[in-house]
Amino acid sequence: MSFASANVPNIVNSTAILEIGANDVMNAIPDILDNKLSIDSFAKSLSDKVVSQLQMLKSAGFKNIYVANIPPLDKIPLMIMQKQTKEARTIVSAYNQLLLAKTAVWARASNISNFAILDMNMFLQTALSKTVTNALGISDITNSCVGGEILELLTGSSSWVSLLDSEFNIKEAIICSDPQAHFFWDPLHPADRVHRLF
């Protein structure tokens, strides 16, 4: 059964939210770094796919459609550990700008009742601000609580000393001793308290 033919009662009054995962950007970074893919062609291809999916939602009968842009991936622990913050920031910026322009054109032409960009980029930047992190009791916005030390050993330049330290303190290497102080639960995802802000 195709999405467009799905039997959804009262679809006209339902809301569809389209979100692209950060994995699309992270999977493209190696090809961009190896000059196999340009940032512009990646941003164009991904934004074209989003507009195509928006059209599918409209064709299915949705009149209330929202699409999320990509958050600032340069702030997540994985990109920091891999030293790819500059690339992530450039790619996200190029994509988000193109997404905004293309979806504005699509929304005007499609006669949708309710359409908007959910600015996940600004949301996460605001959530990372001192005001919000202090209010939540978060003191660490760059390291993850789960798996960060192990991942850093695998991706970074580690020494035998840090490897042995990790062996003897395995619980802390897998799960931090102060999860409430961390903005990020794992190297990719915000902690539960931050998710509740969504």
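The values are calculated or read from the model by the stated rules, or taken from the named source; none is laboratory data. Please read these numbers as outputs of a predicted model, since none were measured by experiment. All Cβ positions, even for glycine, are placed from backbone atoms using ideal geometry, and neighbour counts span all protein chains on display. Surface accessibility is based on the protein's heavy atoms, side chains included, excluding ligands, DNA and RNA. Shrake-Rupley method; radii C 1.70, N 1.55, O 1.52, S 1.80 Å.
Annotations for the structure displayed:
- Residue count, the range 129-149 (criterion: closer than 16 Å to M79 by Cα and aliphatic (A, V, I, L, M)): 2
- From the list K58, K36, the one residue that fits, being outside any helix (DSSP H, G or I) and either open to solvent by 40 Å² or more (accessible area, probe 1.4 Å) or farther than 21 Å from D119 by Cβ (or both), is K36.
- Selection count, the range 69-85, where residues are without any contact (Cβ under 8 Å) to a residue 60 or more places away in the chain, surrounded by 20 or more Cβ atoms within 10 Å (Cβ to Cβ) and closer than 30 Å to F115 by Cα: 5
- Residue check for T126: under 24 Å from F198 (Cβ atoms) and touching a strand residue (DSSP E or B) at 6+ places or on another chain (Cβ under 8 Å): no
- Screening the range 96-114 for residues that are outside any helix (DSSP H, G or I) and open to solvent by 50 Å² or more (accessible area, probe 1.4 Å) and picking the one that is modelled with the highest pLDDT gives N114.
- Residues of the range 163-198 that turn out to be assigned to a helix (DSSP H, G or I) and either closer than 18 Å to T133 by Cβ or at pLDDT 85 or above (or both), as a count: 9
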